[in-house]
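Novice: The structure is given below, and queries will be raised subsequently.
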Amino acid sequence: MKKILVMLTLSLFAATAAFAAEGKVVSVADGQAVVEMGADAKFKKGAGVKLNGKAGKVTAVDGTKLTIKASNAADLKAGDTVKVDKMASMQGC
C-alpha cells in the first residue's frame, strides 16, 4: 500500500512539474509583468497561470513574451527570473 501511495504522489508531482517554465521579467507596470519565455513554452491569451506561485492571467502574447496580470507583479523587477506554471483546468468537476 505504501508503494502505491508513493508512486501516486511522485506521478502527481511529475505531472505538475511538467507544466512549469522559467522566464525573465522584461518590464513591470500597472500590476502586470512582461515575461520573456523560451520558444518551447506554449501559453494562450486568457490562460490561468501561477507567477511564482501566485494566481494570475495571461493578458497578451507577443511571440515569446507574455504579459501576465498577477497580484505579485508589482514585487518583481526587470531582470528577475520567474517561474510560470499553467493552472490545472477544473472543468467538469
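Novice: With the requirement that a residue be more than 15 Å from Val26 (Cα to Cα) and of a type outside the set (S, T, N, Q), what does the range 71-93 give you?
Specialist: Within the range 71-93, Asp85, Lys86, Met87, Ala88, Met90, Gly92, Cys93 qualify.
Quick grid of which residues meet (1) of a type outside the set (Val, Ile, Thr); (2) surrounded by 19 or more Cβ atoms within 10 Å (Cβ to Cβ):
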site	(1), (2)
Lys42	yes, no
Leu51	yes, yes
Lys57	yes, no
Thr64	no, no
Thr67	no, yes
Ala70	yes, yes
Ala78	yes, no
Thr81	no, no
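Novice: Let me ask you something else. Can we say Lys83 is in contact (Cβ under 8 Å) with a residue 60 or more places away in the chain and of a type outside the set (S, T, N, Q)?
Specialist: Yes; evaluated as a whole, the condition is true for this residue.
Condition check ((1) under 11 Å from Asp85 (Cα atoms); (2) part of a strand (DSSP E or B); (3) modelled with pLDDT of 90 or more) across all residues:
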{"position": "Thr16", "(1), (2), (3)": "yes, no, no"}
{"position": "Val35", "(1), (2), (3)": "no, yes, yes"}
{"position": "Ala55", "(1), (2), (3)": "yes, yes, yes"}
{"position": "Thr59", "(1), (2), (3)": "no, yes, yes"}
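Novice: Name the one entry in Ala47, Ala55, Ala41, Ala70 that is closer than 15 Å to Glu22 by Cα, of a type in the set (Gly, Ala, Ser) and out of contact with any Phe, Trp or Tyr (no Cβ under 9 Å at 6 or more places or on another chain).
Specialist: Going through Ala47, Ala55, Ala41, Ala70 in turn, just one is closer than 15 Å to Glu22 by Cα, of a type in the set (Gly, Ala, Ser) and out of contact with any Phe, Trp or Tyr (no Cβ under 9 Å at 6 or more places or on another chain): Ala41.
The values are calculated or read from the model by the stated rules, or taken from the named source; none is laboratory data. For clarity, every value in this text was computed on a predicted model and none was experimentally measured. Neighbour counts are summed over all protein chains in view; Cβ atoms, including those assigned to glycine, are modelled from backbone coordinates with ideal geometry.
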